[in-house]
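One structure is given below, encoded as structure tokens.
Taken together, the values in this text are just the output of simple stated rules run on the coordinates, not laboratory data. The shown structure was predicted, so the numbers you read here are calculated from the model rather than taken from an experiment. Reconstructed Cβ throughout: ideal geometry from the backbone, glycine too, with neighbour counts over all protein chains shown.
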Amino acid sequence: MKINILTLFPEMFRGFTGESIIKRALEKNLLEINVINIRDFCYDKHKQADDKVFGGGAGMLMKPEPLIRALNTLGGKVIYTSPQGVRFDQKLAIELSQEEEITIIAGHYEGIDERVVESRVDLEVSIGDFVLTGGELPAMVMTDCIARLVPGAIKQESYENDSFFNGLLDYPNYTRPEEYEGMKVPEVLLSGHHKNIEIWRKKESLKRTYLRRPDLLKGREFDKLEKKLLNEIKEELKKESK
């Protein structure tokens, strides 16, 4: 998979592409990340990529010419990081990971000229209801999330157990020692009984989601086991509250 990132600040991506899963995926040629300096497509003497907004107002706006020139050299679905975009989530990450190539425009200042959005952008995406200095961090967040899903980047069972992959939050995890400061690892995890462990993890996952993110359960189609476990959870919580 190829991910192009258009940015005014390419230096920000040096550490990002040189560590952890991203680095290994690049070394295995499972992933290609092409960080492009938008100013390379500014043909004036001062390499000006922004200008004042027509109609007045604070801030500067990224000019259309350099962005269009850069996009003309690239392929794939074009994504623009924008507060007005759809919310980025695991479902969208899975969809984007199946593309052969995507191009992310990291917005900056007051954003980009609307003519670029109208003519070249396929999807505007937001990582949350807050404002950042620029789109570089959202571009990294999306790239990191998508890169984990590229076949071979990590073991499939690793990301399938992540929060949100199956629509639920992750279950609690423990490692050695078995007891620390009086706190013990749940007995079921030490039993070696894989079926019981699987059921315990499913129940804990449902419980966390029910307590912390009940919105994720709205409209969910529960299987028979999930319905049974969720009823148990509700009954146990009622008893605890008495």
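A few comments on the model shown:
- Close Lys pairs in the range 2-156 (alpha-carbon distance under 19 Å; sequence gap of 8 or more, or different chains): 10.
- Ranked Leu31, Leu189, criterion: other C-beta atoms within 10 Å, fewest first: Leu189, Leu31
- Estimated 222 nm signal from helices in the chain, with DSSP H stretches of n ≥ 4 weighted -39500 (n - 2.57), rounded to 500: -11000 deg cm²/dmol
- Dipole of the range 2-156, positive direction: furthest Cα of Val116, Ala139, Val150, with charges on the beta-carbon: Val150
- The range 40-135 shape via C-alpha gyration tensor axes, a/c threshold 1.5: oblate
- Within straight-line reach of Lys238, meaning a Cα separation under 21 Å, sit the following lysines at least 8 residues removed in sequence or on another chain: Lys202, Lys203, Lys207, Lys218, Lys227, Lys228.
- In this structure, Ile68 and Thr175 have a Cβ-Cβ separation that, at R0 = 45 Å, corresponds to a calculated FRET efficiency of about 0.30.
- Reciprocal mean inverse distance between Cα atoms of the chain - Kirkwood radius, Å: 21.0 Å
- About its Cα centre, the dipole of the range 179-241 is roughly 340 debye, where the only charges are +1 on Lys and Arg Cβ and -1 on Asp and Glu Cβ.
- Taking each residue as 0.36 nm, the span from Leu211 to Lys195 lengthens on full extension beyond its C-alpha to C-alpha distance by 3.3 nm.
- Fewest-first sequence of Lys239, Lys77, Lys227 by Cβ atoms within 10 Å of each Cβ: Lys239, Lys227, Lys77
- Degrees between helix 136-147 axis and first principal axis of the chain (Cα, 0 to 90, nearest 10): 50 degrees
- Within the listed set Ile199, Ile33, Ile102, the residue fluctuating most in the Gaussian network model of the chain (springs between alpha-carbon atoms under 10 angstrom) is Ile199.
- Cβ-Cβ distance of Leu237 and Asp129, R₀ of 35 Å, FRET efficiency by 1/(1 + (r/R0)^6): the value works out to about 0.75.
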